[in-house]
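Take a look at the structure below.
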């Protein structure tokens, strides 16, 4: 399983003067698969599951990049690696010009004030024994960002920021609803005034009416605080609603990246096209179609040769089984990892 | 308080028939020392033969409890069916003995659950689990059951079932297991399938496959289906009739087109507006507040607290489903307020 290092065309040439806050170049993250007794006896080398495979992209300041993919596509691993919650095998992560790999413990801790994460499950990401105020105060204390006598006031301020009353601070997570817990998780992430936020499926565990509240809150906070975000989700409509640009992952690779409009209205990669067609529509008409994509996502332990999507791809040809496609720039901002991706001519303007 | 038969014009046949499933005023409670939670507060619902009724609602709205109450799967205590009737193929299921009920569950009325990983026995080959019902309820021999089991697996789209029949659940993916569970349900040629969030645990491309399979099986076998989902889009694509549940009650029932195009309950309106879709612009219209606790009894409309159209009457007048237009019933006291404000 060799990886061809991809040329750095994953990212379109900068058209805007905006500064890149986060630059990821050829990132690879893998995990050892646990060996059983037989493997040990036979002295088989441990297999490694490649969760993120040669991924490159950048996020501009104040931009929200959506990251979509099915389970096992590597989107959560990628999000966590950006904060160095996992150590990458190879590749570069530059945050505000600093290379994350080179940082020692202390420097990393300092940098983490600027980059925070909100987890999917508001039930398991909060300490059930802590009150809400203790949970948030802990972050302030550990990073020593505010004098002790001001902690309480700051906690109240943060709760207000995410739309909770100060009274909630005295309660334990067990007495809160899912939406309230997710707001607490968000308040904790915002406690250090970060510039960059990774949101890992922040609304997947919430009901639609509560989900809408949290999405609106996220948009407001982003505008108010000028946050840059990586918004990881499997639900495409939510990603579309939240993102400026979208990256689509499949088996550890970004198969397509582009502006939200490009990805949703002019998808180039057959996987993106299939994924979009597979979403049920809010149109009250009985479905008459066959399933769009046949088969299932292969195991990351046995990634298919050539283009990893070829066994399910309706357009696959001979070349797809042998050669790994290189990223092709479809437009100035859209890049697709498909052999058949073609630069799209701009629509002739009709007056 | 039942809703009269909810038919669309294109089924003159069904319009005269009695519904296949007729739930009348079902009340299900959960009792503990400290509180009684009313999970279904007088739910009435009818399912015509061969049709799909979608039940949509958020967590705690009582949609799963409804399915489990119909099948009498809830352990008692703490659950207690405190009232109502469940008519299915001429019998009130709530009056059946344990054996008769098991017979109904194993043959005519089947259910599939959200998580296929937990609805199969992990230490028993999948094929045997699929054919158990055929052996128990239909007295098929081992060989005949296996033949039928292979057919069923083929039907639900498992490639080369012969070589997979003796696999264990851990060897299959979630999508394949859901197919196996569907095969198991289809074994008895049911007239009604209750599907409780059948695709929620699955990825979108696999959900697409399972929905295609369910719609296809239904058309081939003419069975009726109750499809429970929190996802309005899934309901829109699969259902003929939709029931919207909230706080243990049915708030609105309508033919699918009417529900999406002209909802007559403020909760349905809010639910539709909260869901992001292609045309959503900057902000989503969220519903303020949270669903009420089911252990507190409300006299009036359970949605009144969160409803932007509510007036004093809503808080203290008991609400019931009333038919407004053909087959379109709403539990709102003032549905006309929606039209005025929504324009």
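The values are calculated or read from the model by the stated rules, or taken from the named source; none is laboratory data. In this text the structure is predicted, and so the values were computed from the model without any measurement. As a convention, Cβ positions derive from the backbone with ideal geometry for all residues, glycine included, and neighbour counts pool all protein chains shown.
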Check: So is residue A:120 in a helix (DSSP H, G or I) and at pLDDT below 90 or not?
Finding: no
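Report, by residue number, each residue of region B:173-189 that is within 26 Å of residue B:108 (Cα to Cα) and not in a helix (DSSP H, G or I).
First, pick out the residues of region B:173-189 that are within 26 Å of residue B:108 (Cα to Cα): B:174-189.
Across region B:173-189, the qualifying residues are B:187, B:188, B:189.
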Check: Scanning region B:183-200 for residues that are in contact with a helix residue (DSSP H, G or I) (Cβ under 7 Å, 6 or more places away or on another chain) and within 14 Å of chain A (Cβ to nearest Cβ), which turns out surrounded by the most Cβ atoms within 10 Å (Cβ to Cβ)?
Finding: B:198
Check: Pick from A:343, A:280: which is within 14 Å of chain B (Cβ to nearest Cβ) and at pLDDT below 90?
Finding: A:280
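In the list A:295, A:274, A:252, which residue meets the criterion of being under 30 Å from residue B:261 (Cα atoms) and either crowded, with 19+ Cβ neighbours inside 10 Å or within 12 Å of chain B (Cβ to nearest Cβ) (or both)?
Details: A:295 fails: under 30 Å from residue B:261 (Cα atoms); A:252 fails: under 30 Å from residue B:261 (Cα atoms).
Residue meeting the stated conditions: A:274.
From the list A:239, A:232, which one is within 12 Å of chain B (Cβ to nearest Cβ), surrounded by 24 or more Cβ atoms within 10 Å (Cβ to Cβ) and within 12 Å of the chain's Cα centre (by Cα)? Talk me through it step by step, then tell me what you get.
Values: A:232 fails: within 12 Å of chain B (Cβ to nearest Cβ).
Exactly one residue qualifies, and that residue is A:239.
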Checklist line | Matching residues, region A:177-202, being closer than 19 Å to residue A:62 by Cβ and either crowded, with 20+ Cβ neighbours inside 10 Å or in contact with a strand residue (DSSP E or B) (Cβ under 7 Å, 6 or more places away or on another chain) (or both) | finding: A:186, A:189, A:190, A:192, A:194, A:195, A:196, A:197, A:198, A:199, A:202
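Scan region B:200-207 and give yes if some residue there is within 17 Å of the chain's Cα centre (by Cα), within 23 Å of residue A:234 (Cβ to Cβ) and assigned to a helix (DSSP H, G or I), otherwise no.
Yes; the residues of region B:200-207 include at least one that is within 17 Å of the chain's Cα centre (by Cα), within 23 Å of residue A:234 (Cβ to Cβ) and assigned to a helix (DSSP H, G or I).
So that you can scan it fast, the table gives a plain yes or no per residue for (1) exposed (fewer than 12 other Cβ atoms within 10 Å of the Cβ); (2) in contact (Cβ under 8 Å) with a residue 12 or more places away in the chain; (3) within 22 Å of the chain's Cα centre (by Cα):
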| residue | (1), (2), (3) |
| --- | --- |
| A:72 | no, yes, yes |
| A:81 | no, yes, yes |
| A:104 | yes, no, no |
| A:107 | no, no, no |
Margin query: Can you tell me how many residues within region B:152-172 are without any contact (Cβ under 8 Å) to a residue 40 or more places away in the chain, surrounded by 18 or more Cβ atoms within 10 Å (Cβ to Cβ) and in a helix (DSSP H, G or I)?
Written below: 4
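Just to be sure before I move on: is residue A:178 more than 30 Å from residue A:267 (Cβ to Cβ), in contact with a helix residue (DSSP H, G or I) (Cβ under 9 Å, 6 or more places away or on another chain) and within 12 Å of chain B (Cβ to nearest Cβ) in the structure I sent? Talk me through it step by step, then tell me what you get.
Values: more than 30 Å from residue A:267 (Cβ to Cβ): yes; in contact with a helix residue (DSSP H, G or I) (Cβ under 9 Å, 6 or more places away or on another chain): yes; within 12 Å of chain B (Cβ to nearest Cβ): yes.
Yes.
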Next item on the list: Please indicate, with yes or no, whether at least one residue in region A:207-226 is touching a strand residue (DSSP E or B) at 6+ places or on another chain (Cβ under 6 Å) and away from every other protein chain (no Cβ under 11 Å).
Entry: no
Next item on the list: Working only within region A:70-81, note down all residues that are on the phi < 0 side of the Ramachandran plot and in contact with a strand residue (DSSP E or B) (Cβ under 6 Å, 6 or more places away or on another chain).
Entry: A:73, A:75, A:76, A:77, A:78, A:79, A:81
